[in-house]
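Peer 1: Below is a structure I'd like to ask you about.
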Amino acid sequence: MSDTASTRATRHAPDRSPVAAPDLLSSLAPLLAEWVPRQRWFAGKGRLLTGFALVSATELLPGTGEGGAPGLLHLLVRAQQSAPPSRTPAGGDCYQLLLGTHPAPPPHLAPAVLGRPAGGPLRGRTVYDALLDNRLCGLLLERLRVPGRIGALRFCREPDVDIPSGLTARPIAVEQSNSSLVYGDTFILKVFRRIEPGINPDLELPRALAAARCARVPAPAAWFESVPAEGGEATTLGVLQPFLAGSTDGWQLALNALAVRADFTRSARALGHATAEVHTALAQALPTTELRRPQLDAIAAQMNERLEATARAVPVLQPYRAPLRAAFDALAAMGHDGRSWAAQRIHGDLHLGQTLRTAEGGRWALIDFEGEPARPLAERRRPQPAVRDVAAMLRSFDYAARSGPAGGDPWALDWARRTRAAYCLGYAEAGGLDPRSAPELMRAYETDKAVYEVLYEARHRPEWLAVPMAAIRRLAAPGDQGAG
C-alpha cells in the first residue's frame, strides 16, 4: 500500500509528531482496510480496495503515550480501488478520517476501535474513531471556537457568533454519507467524509442565504477546511450550524399523518411557501443563467444516459424505456421550439427528510444543502431549474404514501395527490410561479428522479423497489402530467 507523504502537513509538525513519520500510513493501512469499507459513508462498496494514498495528515492533539491522555489525528486519504467508475477522481475517492490514539482506551470506546498498529509511530497505541470520543469531539469544538491554522487545516468562525465552551457532544447515528455531532442541543457539526476540492454547497448556500437574511435555513456558525499549500480554493471539511432542538423532520410528520389518516395539505402548502422563499433568496444572492437549446439538449441527453444505464442494471425497468425517454425528449423539444428556462442554485437533494418543522412557532426550515453526494461537486454547484427541487419533493410525498402505514392503499394515494397539489400551490403563492405551469420540465425531472430511485433501491434496499417502480408505471402511462 502506498504512503505518499504530505509536505503541507509535515512541515508544520514537530519531529516527534507521527505525521512526520514516513511509515504512518503503511502502519495504519491494515486497520483502515478492514474498517473503512464497513462504514456507511464509504462510497466504493462492491469494488476491491487495493490500497491508500496519504493526501494530508495533521496532529490536532499530540498523544503523549503516558497515562490516559488521548491523541487526535486528522487524515485525508485516497482509497485506491479496482475498476473505478468514470465519476471517481484520479487516484481514487478521498476520505476524511479523525482518529483517536490511546495507550488503553476506556471500555465505552470499544465499539470505536480500529485496532493497534503492529509498527510505525503509533505502535503501542490503540487507534479508534475519534467522533465517538466525547473528549476529542470537545477538542474539535474548541478549535472551531478559536479561528486559526494548524498544519493543513484552517478553522473559521463567523465573527458575531458566540460558541460556548464545554458543550457535551453526541453523535447522530442515522447519518449515511457523512457524520454529525450535536453539541449540547445548541449546535450540530456535520463532518464530510468523501471529500472533493472546493467549497461544499452545504457551507456556500447557507452562508449566502444568511447574508440575504433568509430565516428558513440555519446559518453556519463555524467551519473547518483543508488549505492547499500552493494557494487556490480551500476544501470544506465540516460545518457547524445551530441545532433546532425539539424540531421534527418532515418525513416523520408525514408518516405520523398517514398513520392516523390525517390531512397534510396545510403542512404541505406551508412547506411549499418555505421552499419558494429559499429559491427566491438563492436567485437574488447568487448568479443565475438561462437554459437554452444547447443546455436543454445536454440535460435531456444526460437523463437518457442515466435511464439506459439504470435499465441495464435493473432489468425490470426495461419495458418502460420508450415512454420514459419521451419525457426527456419533450424537454429537449422545448429548446428546439425556442423556449428557455431560468436556472439558479438550488438545494439539489430536497425531500421530506431534509426539512424540519420547528418546535417553536411550527415554521418549516430546510437543511442539508450538500446536494446528492454521489454527484461530482462541480455538478452540484451548477445552476439548475428550481423545478428540480420541486419534483424531488413531490417524489418524497409519494414515497411517504406508499411506504407508510397505509401501504399505498387508495386513501394513501389520494393523500399523496392532494398533498402534492397543496405543495405546488404554496410554492406558487410564495414564489409567483406555479411549478405545474411547465409540465414538460416537471415531468422530465420527476421521471429522472424516479429512475435514480430505482437504481438506489435495487442496490441498497431491494424491498423498497416497488415504491419507485409504481411511479415509473404512472409516469410512463399516456396522459400523465407528473405533478398532479
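The values are calculated or read from the model by the stated rules, or taken from the named source; none is laboratory data. This is a predicted model, so every value here is computed, not measured. For neighbour counting, all protein chains shown are included, and Cβ atoms are generated from backbone atoms with ideal geometry for every residue, glycine included. SASA here: full protein model, heavy atoms, side chains in, ligands and nucleic acids out. Shrake-Rupley method; radii C 1.70, N 1.55, O 1.52, S 1.80 Å.
Peer 1: With Cβ to Cβ distances under 11 Å as the rule, what net charge do the other residues near Gly353 carry (K, R +1; D, E -1)? Show your work: numbers first, answer last.
Peer 2: On the way: positive: none; negative: Asp249, Asp349, Asp368.
Taking every Cβ under 11 Å from that of Gly353, the sum is -3.
Peer 1: For the chain, what's the relative contact order in percent, using C-alpha pairs closer than 8 Å and at least 6 residues apart? Walk me through the intermediate numbers first.
Peer 2: Numbers: 939 pairs, mean separation 56.2, N = 484.
RCO, the chain: 12 percent.
Peer 1: Which of (1) 81, 42, 41; (2) 71, 49, 43; (3) 63, 52, 32 is the computed Cα extents along the principal axes in Å for the structure on display?
Peer 2: (2)
Peer 1: Sort 142-155, 404-417 for me by packing, meaning the mean count of neighbouring Cβ atoms within 10 Å per residue, highest on top.
Peer 2: Numbers: 142-155: 17.7, 404-417: 15.6.
Top of the packing list down: 142-155, 404-417.
Peer 1: I need the shape label for the stretch 351-418. Rule: rounded when a/c is under 1.5, else prolate if a/b > b/c, else oblate, with a, b, c from the alpha carbon gyration tensor. Before the final figure, lay out each step's value.
Peer 2: Details: a/c = 2.40, a/b = 1.50, b/c = 1.60.
Here the stretch 351-418 falls in the oblate category.
Peer 1: Next question. Take peptides 124-133, 259-268, 464-473 and line them up by average Cβ neighbours within 10 Å, highest first, as a rough protection proxy. If you can, show how the numbers build up before the last one.
Peer 2: Working: 124-133: 21.3, 259-268: 15.2, 464-473: 18.7.
Those peptides, ordered most packed to least, come out 124-133, 464-473, 259-268.
Peer 1: For the stretch 195-339, rounded, prolate or oblate, judged on the Cα gyration tensor with a ≥ b ≥ c (square roots of eigenvalues), a/c < 1.5 rounded, else prolate if a/b > b/c? Walk me through the numbers on the way to the answer.
Peer 2: Working: a/c = 1.72, a/b = 1.20, b/c = 1.44.
It comes out oblate by the Cα gyration axes.
Peer 1: Let me ask you something else. Based only on the alpha carbon positions, what is the Kirkwood hydrodynamic radius of the stretch 203-264, in angstrom? Show your work: numbers first, answer last.
Peer 2: Details: mean 1/r = 0.0679 Å⁻¹.
One over the average 1/r among Cα pairs gives 14.7 Å for the stretch 203-264.
Peer 1: Classify the stretch 395-473: rounded, prolate or oblate, from the alpha-carbon gyration tensor (a ≥ b ≥ c, eigenvalue square roots; a/c under 1.5 rounded; otherwise prolate if a/b is larger than b/c)?
Peer 2: oblate
Peer 1: When the Cα centres of the stretch 355-433 and the stretch 330-350 are compared, how far apart do they sit, in Å?
Peer 2: 18 Å
Peer 1: Assigning unit charges at the beta carbon (Lys, Arg +1; Asp, Glu -1) and nothing else, what dipole magnitude in debye, to the nearest 20, does the chain show about its Cα centre? Walk me through the numbers before you get to the answer.
Peer 2: Numbers: 55 positive and 49 negative charges, 82 e Å.
The dipole magnitude comes to about 400 debye.
Peer 1: I would also like to ask the following. If the chain between Arg170 and Ser437 were fully stretched, how many nm would it gain, using 0.36 nm times the residue separation less the Cα-Cα distance?
Peer 2: Values: separation 267, 0.36 × 267 = 96.12 nm, distance 4.53 nm.
Fully extending the segment from Arg170 to Ser437 adds 91.6 nm.
Peer 1: Something else now. Which length gain, in nm to one decimal place, applies between Tyr456 and Asp162 when the Cα-Cα distance is subtracted from 0.36 nm times their residue separation? Walk me through the intermediate numbers first.
Peer 2: Values: separation 294, 0.36 × 294 = 105.84 nm, distance 4.06 nm.
Net length gain for the segment: 101.8 nm.
Peer 1: Along the Cα-to-Cβ line of Glu233, 7 Å from the Cα, sits a label point; which residues in the stretch 370-395 have backbone N less than 20 Å from it?
Peer 2: The answer is 370-385.
Peer 1: A follow-up question, please. Count the net charge of all other residues whose Cβ sits under 12 Å from the Cβ of Val387, scoring Lys and Arg as +1 and Asp and Glu as -1.
Peer 2: Numbers: positive: Arg388, Arg436, Arg443, Lys449; negative: Asp389, Asp434, Glu440, Glu446, Asp448.
Charge balance near Val387 sits at -1.
Peer 1: Tell me which of Phe224, Thr358, Ala466 sits at the most positive position along the dipole axis of the chain, charges placed on C-beta atoms (Lys, Arg +1; Asp, Glu -1).
Peer 2: Ala466
Peer 1: Still on this structure, I have one more. Projecting each Cα onto the charge dipole of the chain (Lys/Arg +1, Asp/Glu -1 at the beta carbon, about the Cα centre), which of Leu237, Gln302, Gly115 comes out farthest on the positive side?
Peer 2: With unit charges placed on the Cβ atoms, the residue in question is Gln302.
Peer 1: Let me ask you something else. Counting only protein heavy atoms, what percent of the accessible surface of the chain is carbon or sulfur at a 1.4 Å probe?
Peer 2: On the way: 10650 of 20170 Å².
Taking all protein chains in place, the chain shows 53 percent carbon and sulfur surface.
Peer 1: Any chance you could give the angle, 0 to 90 degrees and rounded to 10, that helix 321-336 forms with the longest Cα principal axis of the chain?
Peer 2: Roughly 80 degrees between the two axes.
Peer 1: Below 10 angstrom from the Cβ of Gly71, what's the summed charge of the other residues (Lys, Arg +1; Asp, Glu -1)? Working shown, then result.
Peer 2: Values: positive: Arg125; negative: Glu59.
Result for the neighbourhood of Gly71: 0.
Peer 1: Per residue, how much accessible surface does the chain expose to a 1.4 Å probe? Answer in Å², no decimals.
Peer 2: Counting only protein heavy atoms, the per-residue value for the chain is 42 Å².
Peer 1: Could you size up the charge dipole of the stretch 170-256 around its Cα centre, putting +1 on the beta carbon of Lys and Arg and -1 on that of Asp and Glu, and report it in debye to the nearest 20? Spell out each step's value before the answer.
Peer 2: Values: 7 positive and 9 negative charges, 54 e Å.
Once rounded to the nearest 20, the dipole reads 260 debye.
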